[in-house]
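> I have a structure I would like to understand better, so I am pasting it below and will then ask my questions one at a time.
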Amino acid sequence: MTSWVRSWLTTTNHKDIGILYFVGAFFFGFVGALLAILMRVQLSLPNNDFLTPAAYDQAVTLHGLIMILWFLSPFGLAFANYFVPLQIGAKDMALPRINALSYWMYVIGGFLAMLGFFLPGGDAASGWTAYAPLSGGQFSLGPGPTLAFAGLIMLGISLTASSINILLTIGYMRAPGIVWRKIPMLTWFILFMLLQALFAFPSLLAALLLLMSDRVLGTFFFASSSGGYILWDDLFWFFGHPEVYVVLLPAFGMVAEILPVFSGRPLAERNLILLATGAVVVPLSYLVWEHHMFITGINISEDEAFSLSTLLISIPFDIIILSFIKTLTKSTIRLTIPMLFALGSLVLFIIGGISGVFLSSFVLDVVFRGTYFVVAHFHYVMVGASIFGLFAGLYYYLPKLTGRLYHEGLAKVHFVVSFIGFNILYFPMFFLYDMPRRIYTYQSLASWNMLNLIATVGAFIFAFAQILLIVNLVHTIWRGRISPPNPWGATTLEWMPTIRGASSSYEPTHIGEPHTENQSSRPFELSVAAGIGFLGIALLNYYIWGWLLLALGFVVLAYATVGWARDDVLGKFHIPDEATESWPFSRITKARLGMWIFIATEVFIFGAILSTDIFVRIGSASWPLSLTVQDVPTALWSTIVLLTSGMTAVFALESIKSGDRRGLVRWLSVTFVLGAGFIAIHAYEWYNLFFVRTPAFTWASGLPGSTYFFTVGLHSGHVIAGLLMIVYLLYKVSKGGYSKDSYGGVQNFVLFWLFVDIVWIFVFPMFFLS
């Protein structure tokens, strides 16, 4: 038993991680559904006291966060982990340990978010959007909300790492002959989903870091009128609206796989679908965030611009839906369970999309905003279309996952009851367009009473349907009939019996039989360290043992990080190379492209932080001149030191390129000394600001101090991370690593270090010269 548990905790195999994602998503989905039932019971009758106002607010908040971020998004990632490598003929993910790290960060982050229910003051209660200043320490008291936001940070890190990993897998790990035009639609939609997540989540991460700073350190980003709710809205919805497509695209990918198989004809307008989806992901989804802010007081020109962009984004989806429908015309449709759920997904999306057109008008949005009309629209698109598409994929791939066939009759009942229950639950809410959605109870009103009661009945029907799903899954795993290798007659790679040079041959169940090759405990250890550390941070201002937990988190983090580095240097974890199709990345290594993608996400994070600094400065009535606060000559010296370290880092790279390992060690050592000197100069400067200057200038002395210390502190954290990289590089050189033919690690470090230098070029004039 112990070895079985350990094998799951340490596995890095993509199929095992996929199964773990399925298990995690279903667990969190159960918790989110339970909270939804509690909410509907509370709203089923007027003047109900089933839940207290505080309990209801916490249920609403965690229900939204869990269902969107810990259930629906990871449900799509489960398919991505298990089936993307199979569809492209890869043996595993490009970065297996990062894949495992992503999963454990996701799970532990979810447990942190739920732990707040059991702490004094309860959990986050400001709604899933966490609108400021309601989510700040002034109105959301106790460690619970801080812990929930810490869990969100861990989730953001997880999704960013997972996005980089799977994108590299698709770019580099395709089997020979699997060129881009041969990639199946599920993998294409996963690719689009991850591109969306990669550049949406940094905005949320930036917002959460600022919010955590307000709550733990006492800064003023969202507590001040210069920042406040408008700043939070901009940062949150720049993430929030693209997140809709992060959830939706995997479901549409499943629909695109299923329709051709069960209609007997190829997917209509495949290339047009890909172009339309790309148009949504790259430009359009990032041009609509302020339609969530029509009633916040933004000027009329912005209202008109975002109203137009919201209408424009419906055009690509019209193309996708019409192409799906065209696939069904003049075809012989087999109404299997996957096909029924796929068709149900399209129907629900059309209903949700039509209702969304109303909300694109800022005039109608004033009427509907904050009512249950929005709740209905949101759930038809985000939940209905997504969950039915993902259920379609689950039934479609269940024979591949388990080697067994599901119970057909039970699955049909599941579909019928789910479809009926979902519509009974949410369709009445369209007619509750005058009922505010953020109230925990209401006075008796004939038009509200019956509709709320009907919706609650629908919630129980829909919940009962999912119990049928669980029963069917258990039956399939334990008693289902053995499935043929390709029960649907599908033609994509993962269903093929044998594929030369790939791991996609048909295999029976992997559930309960984890792989034993290439195991590593480091991802789990790092995730546990992060969880302990964040728990300590959340408790710092309330319990003395918060500091002990934070210290313990650092100890475990150091242990896991050193262990990871040691495993690398000693070659304890190794994935054998395989022949791959890597165009157009043939001239750039996998590790280097991964670093470039990581730096791109960092650009978005620092872009959001620096934009915040500019925003609050413009909105401030007065701002002290930098020359009157910071020591400019000292800061100038630190700038010279840091920029010089960038030059010495380049010298180190050029040394190893020419085969000079001693030169590499020499210049890396000089870079370390200069980087450490930069940190020392800042420490001296901060000491003077805190303890010598009168009055003291700290992060809690106002917005100028908050922006300065947070931004410079975040940059300094990156410098420290770079110093740790140098230690790793020097250790690896001492063990014989790196040569003129193998210097990727050094090259990646130099890219990161130069990025840190470039960020400082923006930070220095902003805080020291203006």
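The values are calculated or read from the model by the stated rules, or taken from the named source; none is laboratory data. For clarity, every value in this text was computed on a predicted model and none was experimentally measured. Ideal geometry is used to build each Cβ from the backbone, glycine not excepted, and the neighbour counts take in all protein chains shown. For accessibility, only protein heavy atoms count, side chains too; no ligands or nucleic acids. Shrake-Rupley method; radii C 1.70, N 1.55, O 1.52, S 1.80 Å.
> Can you tell me which residue in the range 113-146 is modelled with the lowest pLDDT, limited to those that are under 18 Å from the mean Cα position of the chain (by Cα) and buried (at least 24 other Cβ atoms within 10 Å of the Cβ)?
Ala130
> Now a separate question. Could you tell me which of the residues Pro487, Pro497 is exposed (fewer than 15 other Cβ atoms within 10 Å of the Cβ) and modelled with pLDDT under 95?
The conditions single out Pro497.
> If Ser314 satisfies every condition in (1) more than 27 Å from the chain's Cα centre (by Cα); (2) open to solvent by 20 Å² or more (accessible area, probe 1.4 Å) but one, which is the exception?
(1)
> Still on this structure, I have one more. Going through the range 366-377 one residue at a time, which ones are in a helix (DSSP H, G or I) and surrounded by fewer than 22 Cβ atoms within 10 Å (Cβ to Cβ)?
Across the range 366-377, the qualifying residues are Val366, Val367, Phe368, Val374, Val375.
> For residues that are touching a Lys or Arg at 6+ places or on another chain (Cβ under 9 Å) and of a type in the set (S, T, N, Q), scanning just the range 249-283, find the one that is nearest to Leu346 (Cα to Cα).
By that ranking, first place goes to Ser263.
> With the requirement that a residue be on the phi < 0 side of the Ramachandran plot, open to solvent by 20 Å² or more (accessible area, probe 1.4 Å) and not in a helix (DSSP H, G or I), what does the range 733-746 give you?
Listed by number, the residues that qualify are Lys735, Ser739, Lys740, Asp741, Ser742, Tyr743.
> OK, next. Kindly provide the set of residues from the range 214-236 that are in a helix (DSSP H, G or I) and crowded, with 21+ Cβ neighbours inside 10 Å, ordered by number.
Asp214, Arg215, Leu231, Trp232, Asp233, Asp234, Leu235, Phe236
> Would you tally the residues in the range 108-135 being among the small types (Gly, Ala, Ser) and part of a helix (DSSP H, G or I)?
The qualifying residues number 4.
> Looking at Ser226, is it touching a residue at least 12 places away in the same chain (Cβ under 8 Å), among the polar types (S, T, N, Q) and within 27 Å of Ala538 (Cβ to Cβ)?
Taking the combined requirement at face value, the residue satisfies it.
> Continuing with the same structure: Just checking, which of Phe749, Phe697, Phe691, Phe678 is among the aromatic types (Phe, Trp, Tyr), open to solvent by 10 Å² or more (accessible area, probe 1.4 Å) and outside any loop (DSSP other than H, G, I, E, B)?
So the residue among Phe749, Phe697, Phe691, Phe678 that is among the aromatic types (Phe, Trp, Tyr), open to solvent by 10 Å² or more (accessible area, probe 1.4 Å) and outside any loop (DSSP other than H, G, I, E, B) is Phe691.
> Name the residue, out of Tyr542, Tyr559, that is open to solvent by 50 Å² or more (accessible area, probe 1.4 Å) and touching an Asp or Glu at 6+ places or on another chain (Cβ under 8 Å).
Only one candidate qualifies: Tyr559.
> Of the numbered conditions (1) crowded, with 19+ Cβ neighbours inside 10 Å; (2) within 30 Å of Leu217 (Cα to Cα), Ser655 fails exactly one; give the number of that condition.
Tallying (1) crowded, with 19+ Cβ neighbours inside 10 Å; (2) within 30 Å of Leu217 (Cα to Cα), Ser655 fails exactly one: (2).
> Can you tell me which residues in the range 601-620 are open to solvent by less than 30 Å² (accessible area, probe 1.4 Å), closer than 19 Å to Ser163 by Cβ and touching a Phe, Trp or Tyr at 6+ places or on another chain (Cβ under 9 Å)?
Once the filter is applied, which keeps residues that are open to solvent by less than 30 Å² (accessible area, probe 1.4 Å), closer than 19 Å to Ser163 by Cβ and touching a Phe, Trp or Tyr at 6+ places or on another chain (Cβ under 9 Å), the range 601-620 yields Thr601, Glu602, Phe606, Ala608.
> Sticking with this structure for a sec: Looking at the range 414-430, can you tell me whether even one residue there is more than 30 Å from Arg481 (Cβ to Cβ), without any contact (Cβ under 8 Å) to a residue 12 or more places away in the chain and part of a helix (DSSP H, G or I)?
no
> Scan the range 431-455 for residues that are modelled with pLDDT of 95 or more, assigned to a helix (DSSP H, G or I) and open to solvent by 10 Å² or more (accessible area, probe 1.4 Å) and jot them down.
Across the range 431-455, the qualifying residues are Phe431, Trp448, Asn449, Met450, Leu451, Leu453, Ile454.
> When you scan the range 41-67, how many residues do you find that are on the phi > 0 side of the Ramachandran plot and small (Gly, Ala, Ser)?
Selection size over the range 41-67: 0.
> Pick from Ile333, Ile320: which is open to solvent by 20 Å² or more (accessible area, probe 1.4 Å), touching a residue at least 24 places away in the same chain (Cβ under 8 Å) and either in contact with a helix residue (DSSP H, G or I) (Cβ under 7 Å, 6 or more places away or on another chain) or under 24 Å from Phe422 (Cα atoms) (or both)?
Matching residue, one of Ile333, Ile320: Ile333.
> In addition: For the range 752-770, how many residues are part of a helix (DSSP H, G or I) and more than 16 Å from Thr648 (Cα to Cα)?
10
> Confirm whether Trp637 is farther than 20 Å from Gly737 by Cα and part of a helix (DSSP H, G or I).
yes
> Going by the conditions given, is Ala411 over 24 Å from Ser73 (Cβ atoms), of a type in the set (A, V, I, L, M, F, W, C), part of a helix (DSSP H, G or I) and open to solvent by less than 20 Å² (accessible area, probe 1.4 Å)?
yes
> Here are some residues: Phe306, Phe349, Phe362, Phe358. Which one is open to solvent by 60 Å² or more (accessible area, probe 1.4 Å) and of a type in the set (Phe, Trp, Tyr)?
Criteria check complete, one pass: Phe358.
> Tell me which helices (runs of 4 or more DSSP H) are completely within the range 1-107 and hold 2 or more residues being within 26 Å of Trp188 (Cα to Cα) and open to solvent by less than 10 Å² (accessible area, probe 1.4 Å), or say none if there are none.
Passing ranges, in order: 14-43, 73-88.
> Scan the range 569-577 and give yes if some residue there is assigned to a helix (DSSP H, G or I) and touching a residue at least 12 places away in the same chain (Cβ under 8 Å), otherwise no.
The answer is yes; a qualifying residue exists.
> If a residue has to be among the hydrophobic types (A, V, I, L, M, F, W, C), surrounded by 24 or more Cβ atoms within 10 Å (Cβ to Cβ) and either over 22 Å from Val280 (Cβ atoms) or touching a Leu at 6+ places or on another chain (Cβ under 7 Å) (or both) to count, how many in the range 174-190 make the cut?
Residues in the range 174-190 being among the hydrophobic types (A, V, I, L, M, F, W, C), surrounded by 24 or more Cβ atoms within 10 Å (Cβ to Cβ) and either over 22 Å from Val280 (Cβ atoms) or touching a Leu at 6+ places or on another chain (Cβ under 7 Å) (or both): 1 in total.
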